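Below: the structure, in C-alpha cells.
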Amino acid sequence: MRTREKTCLIAILALVFLGVGTAGVAARKAAAGTPQYLEMYAQQGLKRYRLKPIDLTFRTILTLGPDISGYYGLPDPPPQRLDIKPLEIMVFDPETAGATLRLDRLAFVDTAPAHIFDLKTSRVDAAIFDKIYHVAYDAAAPIKLWCVGSNIPLHLTPVAGKPGWYRAVPEAPLEAGAYAVNFGCVAGPRTYTGRPDFYPFVLAAAPPPTCPPPAKMKRRIKRRPAVECPPVAACPPAKPEPAATRPATPEQMDAGFSYVTASPKGRREYRITNSNAIPWHNVNISVFMRDSRFPKTVLGPVTTYKDIVLPDHSVSQAPDKTFLQYETLNDAGATLYLKVKCKEGIIKKAWKNLDSEGSGPATLTEVPWDLKE
C-alpha cells in the first residue's frame, strides 16, 4: 500500500510541474498578430534590417568537477553586414523592458594564459596550479573566437504606440567593426551557463569598385627580312568589319511598394512604383497577402495589367473582397507579396506591415520572399 501511495504522489507532483512548465512556455509565446519575443531590428534611416540570433561556441579551457571554464564566442566573423551609418536597435521585450540589453564590440581572442580561467574563489598558487588543473600556470590556451570586448552605452526608451517595443540608441557614433546585441552572461573568461541570446553584425563600408587587370604586354618577335617577290595585280581593298559590340548588362529589376489614400474617405490602396531607369512593357502586377494568424492561408492574387509603366511612375492596386478588411485595408501584421512580370523581367518582393496605425512606407519592412506559388 505504501508503495502504491508513493507512486501516486510522484505522478501528481509530475503533473503539477508539467502544468507549471507548460504555462511558462505559453506565456512566452506571442499571441496571434503580435511579434515574437526578443524580435529585433536595426533601423538606419528608412531602411530596417532584422537582426538574427546566432548560437555561440563555448571553448572549454579548465574543468573542476562538474564546473567548466572558458570563453563564449564565434569561430567566424558575423555574416550579417550593415553600412557605417547611425543606427537604432528595436527590440520586442515586454517581460524585462530591455533592462539587461547590451551592445558590445567583438574582438578576436587567439590565445589566453590558463590561470585566468581559475574556477576557485581563492586563486590557486602557481606552484600547485598544474597539480589541480593538469596544465601549466602560464600555458597559452588556444581560444580562436570572436568574443565580447568593450561595452557601448545605450540610451533606452519605449516606442510610442507600440506596447512591448523599445528603442536603444548608442550614445557615441560606432566605428567599423564587429558588434553584438546581447543580454549579458557572455563576457569571459567565465563558467558555462547555457545558450545565451546573441545577435551579432558587422559595420563595414561598401567595397571599392574593382579595377580590371592590366593588359598583358605582347612579346616582340624578331622577324626575318622579307624576300622580294615580283609584283602582282593589286586586289581591291577589303571592307572593314564592324567592331563587335558587347551586350549591355541588364539592369537589376526593382519596384517600390506603399499605400495611397483613395475615395471614399478612409480607404487605402496599394501603390506600386517603377524604380528602374527604363520603362516596363506588357506589365502584369499581382499582389498576395498572408495573415500571421493564418500562416497556411494565402489570399489573392489581386491583378492589374498595364501596357507600359514609365520610370518613377506608379500604379494603384485596389484590393478586392478576398483581402482582409478590404474597405479600409487594415492589414497590420500581414505579409504582402508583390510579383511584377513584364517584358524586361520578373520582380518578386515581400513586405511585412508591423504597424496597426497610419500609412506609408514607414509601416512596411522588407522581408525575404517565402511564398510558394
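The values are calculated or read from the model by the stated rules, or taken from the named source; none is laboratory data. Just so we're clear, the structure is a prediction, and the values are computed from it rather than from any experiment. For neighbour counting, all protein chains shown are included, and Cβ atoms are generated from backbone atoms with ideal geometry for every residue, glycine included.
A few points about this structure:
- Inclusion of residue 144 among residues that are outside any helix (DSSP H, G or I) and touching a Leu at 6+ places or on another chain (Cβ under 9 Å) is not warranted.
- All conditions in (1) closer than 25 Å to residue 162 by Cα; (2) touching a strand residue (DSSP E or B) at 6+ places or on another chain (Cβ under 9 Å); (3) acidic (Asp, Glu) hold for residue 95, with the sole exception of (2).
- Residue 107 of a type in the set (Gly, Ala, Ser) and farther than 30 Å from residue 35 by Cβ: yes
Residues checked against (1) surrounded by 14 or more Cβ atoms within 10 Å (Cβ to Cβ); (2) closer than 16 Å to residue 41 by Cβ; (3) at pLDDT 90 or above:
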residue	(1), (2), (3)
163	no, no, yes
167	yes, yes, yes
176	no, no, yes
181	yes, yes, yes
188	yes, no, no
194	no, no, no
200	yes, yes, yes
209	no, no, no
